[in-house]
Every structure is written in structure tokens, then in C-alpha cells.
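Working notes, beginning with the structure itself.
The values are calculated or read from the model by the stated rules, or taken from the named source; none is laboratory data. Just so it is clear, the model here is predicted, and its values are computed rather than measured. Ideal geometry is used to build each Cβ from the backbone, glycine not excepted, and the neighbour counts take in all protein chains shown. These area figures cover heavy atoms from the full protein model, side chains too; ligands, DNA and RNA do not enter into them. Shrake-Rupley method; radii C 1.70, N 1.55, O 1.52, S 1.80 Å.
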Amino acid sequence: MAKKKKEDVEENFEQTAEELEESTEKPKKKEGEEQTIEDLPGVGPKAAEKLREAGFADLISIAAASAGEISAACDLGDLTSQKIIQAAREMLDMGFKSAAEVLKRREEVGRITTGSKALNDLLGGIGVETQSITEAAGGFASGKTQLGLQLAVNVQLPKEKGGLNGACLFIDTESTFRPERIKQLAEVQGLDPEKVLQNIYVAKAYNSDHQVVLAEKAKDIIKEKNIKLIIIDSLTAHFRADYSGRGELAPRQQKLNRHIHLLQKIADTNNIAIYITNQVMARPDVMFGDPTTPIGGHIVGHACLPANTLIQCADGAIKKIKDVDLSGVLSTNFDNMKTETDLANAKFLNPDISELYEIQTRTNKIKASPLHRFFRLDGFSIKETEAKDIKKGDWLAQPAKIEIKGCVQSLPEIELEEMVTISQSGAEIIKKTLRENEISRHELCSCLAINPRQLRRVLNQKYATNITNIKTIIDAGIVNDDFIEHIEPYTSYKHRKLSIPSEMSPELAMVAGYFIGDGNLEKTSIRFRDARKELLEYYSDLCQELFGISGNITKVKNKNAWTLSINAVAVRRLFKELRTIALETVSISPKSHVAAFIRGFVDAEGSVDKSRPRITISQKDENVLKHLQLLLLRFGIRSSFWPGEVPNIIIDGRDIVTFKNEIGLTASDKKSLLEKWAEHCELTHTRELLPFNHKELWSMLKKAGLKPSHYMRTRPDDYKNMHLKELRKIANVLMCSKDPRIEFLSKIIDGDIRFEPVKHIQKIENKEPLYDISVVKNQNYIADGFITHNSTYRLFLRKSKAGKRIVRLIDSPSLPEGEAVFMVSEKGITD
């Protein structure tokens, strides 16, 4: 096998040499010149062509991909693919940046005045900003296009007048561009109309594909033409026309998502502003207020989460959103329903949201601002739904399994207490030197960690002392370096020879899990307590193996419990550190370490039900349980969160089988029950449900000439849910069907996500600042066990009386919601 692996690697390198026309020397680009994939070491014209054909057209798409994706798509070896990805990441400078650097980058942000002071104020003081997408949504004649035309003129103003001295690209999808109006607006500003028109580059898009191509081509002329603003009027018109019907919603949203990502990248890398308009559609379910909503779901919206929301990072770390670095996170690719590494490139703080929605499914609980978006399963499509619109019974997307490789982690260095004794000849040397130099014991002890009485015993009675005292005496010049020959190592029950691990291991992870669950720090020891003596004996043996010392087990007076004490100051120091860093360290460690940690924690805080297949894990710290839920997903084990005075998580059903096989328990009574229930669950049918319409699936089977009753049970037409086992049968038998619903169903069944129904939702008060992050490729991330969307600026316009327009800022990374009124007249946008 080793030989075959070597041959495969050699074959891949031969393929690379032949196909990639590899060259280690690439001509250097001039400063400021955009890097392309041809600039990657080892990528020649043939390889670049393959990459582009597979959709990897630029450095960012390569940097955000995995080696497996590029290898499969381009027929390259894994090692070569990894080198290409690493080179792209280095060229893009995708490492960590300090907050000061991020702030410096933000200082480059420019602003374009809208012409209305009220609207400028709504947008933070000056107008539409660069490095961002600003969306205006509204009905017919609400002023969306007029605002765009005004910005196209104003961007050409000098900076002191609210412009950027730049040109504009206008992608027209609905034949809304009017050069006559531009001339009119230019004259009002005192500008030369002909020059203004020459600085606006217009392209008509005829369908959604053409629109995407025009956006891609925009990158080629931005620097050449000094483009500072891109306008798309409107963003969603062609997408709506090209993808009609319920079955087309998912591909439409995915394509629109990628288009928005490209625009955001253009804004970021070129420091330009992007203004897009969006249509609205009627919502007949809205009885009061404005019954309209932007088309395209909420692909371009933004909202926030509380500071302590846990985010799953790509390296395995589980961090609070307020602590997330601008680096790798895990996100979901809804094209294939798989979880993959993505890049967080921005983080936002919003201090002005006064209410949250607390959403709880059977498995997880999360708090989110009203506009934060989740992914809801709706028939054979996935819809983005704001928290305020989520209802009890909605099925929301959550990760089913998280793959993290992890690596062995180093531990904090713990100084060991090494005890020694001084020989009689050595003691005489010290005493003689003290007499000759007229140094008293009190003077000497002022720089030692012992008092004069203890020093007398060390010199006269061969009492043991810490070797650091001997080193201090040598450093003080009282004796020379050769004095080390006069000391001998000393061990006793109190002063035993210890070994403290320098790296995490499965054994230490298990003891750490048990300690986090139910351990205590005493003055010079760590202590565990349990009713099962055999369990403490097991952990005592582990400590003997880890540290070279055994523990002391004693009966607790008047209680059916035993205590295990590990009496060693160095061990206590280690576990004092682990109390703070254990969860963080284990989460980025190999899978075997994670399994051992969970086992130790459940040994301490878990119980196995005697009457039904259920493991219950209790812990007062809700944050620890949420960490544990995400760690369990490394094994595909789902757990249900139950709040209360003492919160707990529950593992049941077939997850019991996985827990027994992957993790296990130590205590004999718990282990016996676990094995019993695992055997029971393997033999019984798991009723895992998904909300697919029974009648629709029955009809699909009949249309294919099959007898539906062979694949699914007969149920009422309005039966809302289907068993996963039945869905898998149907997907398999209709696999060759070209029906996009079957393709969607298969991806759901085989994907890395699952859907859970909302059990409870309530509105709660908020007084804390909220956070959000922006994710480069898939525009989503895992937060508190949910898959949630991320972040931009959104304006909602509506027409009022006598030329007035009312605009509401409904979404922004950093500004509060608000309203402004402006006028649309012959003079343009004014107050």
C-alpha cells in the first residue's frame, strides 16, 4: 500500500510537470497591478484554463477552496492542489491583521453624497460609502433609479463637494438609464454635461448570465477608467425572469449569492462603492403595514448575534463571535449541501438593537436580531427567513456532522519542584564561606525561599530543599559551580518524582474532561468525588500513567461517596491552566483527543436512563454544554439542548449507537446500560422525519410508472412529514429521473446538514452590543449549532405625495435603523 501511495504521488507530480508547465520563477508584477491565477507558482496556461473552466477564475476562489475540490475539478494531484491554494493565500495576504490595520483600511473609505442632507445623515453623515454594497428596494416610482442616476453624477464631484473624482459603471437590466436625465442633473451641479456622460460607462444586460459576465468584466476596466461607483439597476429582474417557479428558487438564490459575493469582492479590493436596486413583491399574508418585501429573499441583508454566540472555526476552534478572528470558519455550500472551509473577511458591531428573538429547536437554542437570517426548508427548496418571520414548526438548517482533522496541542510549561539534600562535606563548605565572609543565616535567607531555621536543618540535619535554593547560593558566589557534586536527588511521599506532559494526549484529555465536569482545585492537590469507587480507581491509574504518581482514595464520612486526591503542586498548576484552556485546546486537537475528553466529561456529569435509550448530560454552565454539542458533531452525534435551572443535553435514538462505538463510558453500570440501549437502537427503526409532502412524492412515483405503496406507507394527503428511511428509498428508485426535486432530495439525504423544527420562539429585550461577520464564499457560518446567513446596507424607498420620497435604512453593519425624507425634482435629489 505504501508503495502504491508513493507511485500515485509520483504520477501526480509527473502529471503536474507535463500539464502545468511548472515554472518556479514568475515575472514580478508592478506594484498595484492585479494578480491573476497565471501568477501562481506552477500554474501555466493549460492549468489556468482548467481552473477557469472549473469555476476557479481568480485568486480568492482558489484560496477559499479545498485541495479536494480543486483536485477533483481540475484533475490535479492533491499535493499540487494544496500548493496552488497555499500560494494563492500567500499572494492575497490572508493572514491575521491587527485591529489597528483594519481601522487603517477603514480610513480609506470614501463617501458619495446623495444630494439630500437628511439621506446623507441616515447613511452615517456623508452618503454612500465605498467598500460596501448599498441596496435600495422599493415599488414602482419610489425613487430607486433616480437616486442611482444622481449618484452617477455626484461621484464625479471633487472630494470637498462630496464626490470621489471618479467615473461610474452602470449595468442596466430594465432599460432605465436616461442620458437626458444625466445631462439635467449635471447642469444643476454646474458640471459639463458632455464630460459627465463620457465618465459614465453603460452596459445593457439581457439575461442573468450576461449580467454576471458584465460584473466580471468590470474588474478589467476599474483602474483604467478610474471607476469609483458601480450601479446595477436592478439586481434581481433577470434572475426573477430566468428562474421562475418554486423548483427554481434554490438555484436562483445560489447564483444570486455568487453574484453578490463577486460584487462585494470588487468593492473591497478596489475601494469603490456599489449601488444596487431591488424590486419588491407583494406579501398577501401581511394584513397591516407595508405588504412588500425585496425580491431575491434576503441575500443582501445583514443583522447580528449576541457577543457570546459560539462560532465554529475551520481549525476546530469554537469561539464567541466577539472573539472571532478574520480567518477560517466553517460554512455550508448549498450547491451540494456540504460543509467546507470558508473565510471571514469582516466583523461588524451594532450597538443599537433593542430586541432579540430566542429560537429553540429540539437540538439547539440561539438568540438573534429580528433581521438575522436563517435557512428554512420549504418543500423542495431552501428559503432564507429573518428571525422575526420564523414561526413555530418551521424547519431550520443545522450541521449534521463537522469534519475537523486537528493536530496535537502543546501544553503550558509547568515548573516541577525538584528536591535535593546537601552532603555533610557540602554543608561544611557553605558554613565555612558564611563565616569567612561574615554573612549571617538571616542575610542569606533573605534571597532564599526558606527561613533561617529551615536553612539550619538543611545544613545540619540533611533536610531536603528545593534545587532553586542551591542555584541561588551558586549565583550569589557563595560556592562555585562544582558545588552541584555535593547534592543528591530526594524523593518521599510528599516530594515524589513527577512527569508533567508537554502535549495533550487522549489520556490527559480524558482526565481533563472528568475534571471540567466534576473536579476541584484544593490547596496543593486536585480532587474528584464519585459514588463509584471503581471509576475513581480507573482515573487514579490514568494519573499514575500520566504523572508518575497514584492518587489517594478515601471514603466520604456519612455519605455514599468516595474522594480521589492527586496530591502534587505541579499537577494542580497544570489543571488550574486546563480549567481555562481545556475546551479551546481539545477543540483543535485530533478526533481521538476529542472523544476522550467527551468520555471523561460524561463519566463525571452524565447518566444513562434505565427505562429508555437516553444519555443525559447536566452542567450549570450553558456555554460548556454548547461547546460539547459542537464537539459531538465531530462524530455525527446529535444532542438535544434542554434549558432549566441546571441545563442539560440529551442523546437518544441511533445517536446512542454512535456514542457507544465512538466514545463509550467507563463506569461498569453505565457502560452496561449503554451497550443494552445501543443494541436496542440498532434493531429498531429510527423515526427521523423531514417535512416533505406525502401527496407530492406519491404523485412523483406514479408518474414514473412505479407503485407508490412499495416505497412509502399510505397516509392522508395532508400528512406533513416523511420518514428519512422512506425518503432514501424514493430518492434511490428515482435516481435516474431528471426531476430537480429528486436531485434536491438526494443532496439533503446525503449532505452534511439536517433540518430541525422550531419548538419555541419568543421576543426578548436586549441591552448589549451585537456582532456579525462577513463570509467570503458561501455567505453563511455555523452559530450556536445553526447555519445562519451573514451581512450590508439596505434602503427601502416608497413614494409619498408631491414628489416626496420616504427612505428607511433597514439594514446596516454599523448604523441604527432610521428614516429620512427627500425630494425627486428636475434638480435631482434634494431635501
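Specify which of the listed residues (Ile651, Ile615) is in contact with a Ser or Thr (Cβ under 6 Å, 6 or more places away or on another chain), of a type outside the set (Gly, Ala, Ser) and modelled with pLDDT of 95 or more.
Ile651
Select from segment 683-712 the residues that are charged (D, E, K, R) and under 35 Å from the mean Cα position of the chain (by Cα) and write down the one among them that is surrounded by the most Cβ atoms within 10 Å (Cβ to Cβ).
Going through the qualifying residues, I end up with Glu688.
Filter segment 309-350 down to the residues that are hydroxyl-bearing (Ser, Thr, Tyr) and part of a loop (DSSP other than H, G, I, E, B), then identify the one that is farthest from Gln398 (Cα to Cα).
Filtering first and then ranking leaves Ser327.
Check whether at least one residue in segment 567-585 is among the small types (Gly, Ala, Ser) and assigned to a helix (DSSP H, G or I), and report yes or no.
Checked against the condition, which is being among the small types (Gly, Ala, Ser) and assigned to a helix (DSSP H, G or I), segment 567-585 yields at least one hit.
Could you tell me whether Ile404 is closer than 30 Å to Pro590 by Cα, surrounded by 18 or more Cβ atoms within 10 Å (Cβ to Cβ) and among the aliphatic types (A, V, I, L, M)?
Considered against the rule, which asks whether it is closer than 30 Å to Pro590 by Cα, surrounded by 18 or more Cβ atoms within 10 Å (Cβ to Cβ) and among the aliphatic types (A, V, I, L, M), Ile404 comes out as yes.
Under 6 Å by Cβ, and 6 or more places apart or on different chains, what pairs join a residue from segment 715-736 that is closer than 12 Å to Glu696 by Cβ with one that is at pLDDT 85 or above and in a loop (DSSP other than H, G, I, E, B)?
Lys720/Pro691; Met722/Phe692; Ile730/Tyr711
Kindly provide the set of residues from segment 333-354 that are among the small types (Gly, Ala, Ser) and closer than 12 Å to Pro769 by Cβ, ordered by number.
Correct list: Ser354 only.
So, of the residues in segment 111-131 that are open to solvent by less than 10 Å² (accessible area, probe 1.4 Å) and outside any loop (DSSP other than H, G, I, E, B), which turns out to be nearest to Arg181 (Cα to Cα)?
Checked segment 111-131; the qualifying residue nearest to Arg181 (Cα to Cα) is Ile112.
The rows are residues; the columns are (1) at pLDDT 95 or above; (2) of a type in the set (S, T, N, Q); (3) farther than 19 Å from Ser825 by Cα.
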residue	(1), (2), (3)
Gly125	no, no, yes
Thr130	no, yes, yes
Ile133	no, no, yes
Ala137	no, no, yes
Gly143	no, no, no
Gly148	no, no, no
Lys159	no, no, yes
Ile171	no, no, yes
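Would you be able to say whether some residue in segment 666-676 is crowded, with 21+ Cβ neighbours inside 10 Å, part of a helix (DSSP H, G or I) and of a type outside the set (A, V, I, L, M)?
No, segment 666-676 contains no residue that is crowded, with 21+ Cβ neighbours inside 10 Å, part of a helix (DSSP H, G or I) and of a type outside the set (A, V, I, L, M).
May I ask you to list the residues in segment 419-442 that are outside any helix (DSSP H, G or I) and surrounded by fewer than 16 Cβ atoms within 10 Å (Cβ to Cβ)?
Hits for segment 419-442 are Ser423, Asn437, Glu438, Ile439, Ser440.
Out of all the residues in segment 371-390, is one or more within 22 Å of Phe641 (Cα to Cα), open to solvent by less than 10 Å² (accessible area, probe 1.4 Å) and basic (Lys, Arg)?
Yes, segment 371-390 has at least one match.
Test Val196 against the criterion of being part of a strand (DSSP E or B) and of a type outside the set (Gly, Ala, Ser), and give yes or no.
It is false that Val196 is part of a strand (DSSP E or B) and of a type outside the set (Gly, Ala, Ser).
Among the numbered criteria (1) open to solvent by less than 80 Å² (accessible area, probe 1.4 Å); (2) within 39 Å of the chain's Cα centre (by Cα), which one does Thr465 miss?
Condition not satisfied by Thr465: (2).
So, Thr134, is that one of a type in the set (Ser, Thr, Tyr), farther than 26 Å from Arg105 by Cα and either open to solvent by 10 Å² or more (accessible area, probe 1.4 Å) or outside any loop (DSSP other than H, G, I, E, B) (or both) or not?
The answer is no for Thr134.
Looking at (1) open to solvent by less than 50 Å² (accessible area, probe 1.4 Å); (2) at pLDDT 75 or above, can you tell me which one Asp220 breaks?
If we test Asp220 against (1) open to solvent by less than 50 Å² (accessible area, probe 1.4 Å); (2) at pLDDT 75 or above, just (1) comes out false.
Just one of the numbered conditions (1) over 22 Å from Leu330 (Cα atoms); (2) open to solvent by less than 40 Å² (accessible area, probe 1.4 Å); (3) modelled with pLDDT under 90; (4) in contact with a strand residue (DSSP E or B) (Cβ under 8 Å, 6 or more places away or on another chain) is not true of Ile414; which one?
(4)
For segment 522-561, give me each residue that is of a type in the set (D, E, K, R) and buried (at least 16 other Cβ atoms within 10 Å of the Cβ).
Arg527, Arg529, Asp530, Arg532
Can you pull out every residue in segment 475-491 that is open to solvent by 40 Å² or more (accessible area, probe 1.4 Å) and on the phi < 0 side of the Ramachandran plot?
Asp475, Ala476, Asn480, Asp481, Asp482, Ile484, Glu485, His486, Glu488, Pro489, Tyr490, Thr491
Exactly one condition in (1) open to solvent by 20 Å² or more (accessible area, probe 1.4 Å); (2) of a type in the set (A, V, I, L, M, F, W, C); (3) farther than 25 Å from Pro590 by Cβ is false for Leu564; which is it?
With respect to (1) open to solvent by 20 Å² or more (accessible area, probe 1.4 Å); (2) of a type in the set (A, V, I, L, M, F, W, C); (3) farther than 25 Å from Pro590 by Cβ, Leu564 is out only on (1).
Which of the residues that make up segment 715-739 are part of a loop (DSSP other than H, G, I, E, B) and touching a His at 6+ places or on another chain (Cβ under 9 Å)?
Correct list: Arg715, Pro716, Asp717, Asp718, Tyr719, Lys720, Asn721.
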